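Rule-based calculations on the coordinates, nothing more; no lab input. Remember, predicted model here, so these are calculated numbers, not experimental data. Neighbour counts are summed over all protein chains in view; Cβ atoms, including those assigned to glycine, are modelled from backbone coordinates with ideal geometry.
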Amino acid sequence: MEAETNYLGVWFVYLIAGCAFYAVLHRFTQFERARWWAYAIRALYLALTLTPWYANSQGETFAPALMVMTLDLITVGGEAAVRAFAPLAASLCGSLVVATVIYLIQKKRLNNNNIG
């Protein structure tokens, strides 16, 4: 029971810290002209920090995929790091697609407001 409480507590602290860093990142990426880049940077940050993956190959607990990949690369080797890289890469690609869609919707909305 104590391990489960610690696990949830660590995730809670990680998510709070991630929100704080996102707030700072959001403040520094308020570009006037390069709006797509702002959306892309924010989406990539969220994908990097929030994509979960199994902490080990036999376990049921999750950890951030970036951390799992990095620690597997350091401790086990490059072959083991691939298991966390695949979902992380898919998440990064998906986040860029979502950022592009949001950018296009916002751009269309701004153009419609300027016309009318």
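Numbers below:
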{"item": "Filtered chymotrypsin sites (Phe, Trp or Tyr not before Pro), region 19-116: DSSP coil and at most 14 other beta carbons within 10 Å", "result": "Phe31"}
{"item": "Cα-centre dipole for the chain with unit charges at Cβ (Lys and Arg positive, Asp and Glu negative), debye to 20", "result": "920"}
{"item": "Pairwise label distance in nanometres, Lys107 with Ala86, each label 7 Å out on the Cα-Cβ vector", "result": "3.4"}
{"item": "The chain, helix-only ellipticity at 222 nm - DSSP H runs n ≥ 4, -39,500 (n - 2.57), divided by all residues, nearest 500", "result": "-28000 deg cm²/dmol"}
{"item": "Estimated D of the chain in µm² per second, where Rh is the Kirkwood radius over Cα pairs and Stokes-Einstein applies at 20 °C, 1.002 mPa s", "result": "132"}
{"item": "Unit charges at the beta carbon, dipole of region 1-68: most positive-side option, Trp36, Tyr54, Phe12", "result": "Trp36"}
{"item": "Exposed-site-free run, longest, the chain (rule: GluC sites (Glu not before Pro); DSSP loop; at most 10 other C-beta within 10 Å)", "result": "61-116"}
{"item": "In degrees, nearest ten, helix 78-115 long axis to first principal axis of the chain (Cα)", "result": "20"}
{"item": "Efficiency of FRET from Cβ geometry, Tyr14 and Asn56, R₀ 25 Å, rounded to 0.05", "result": "0.90"}
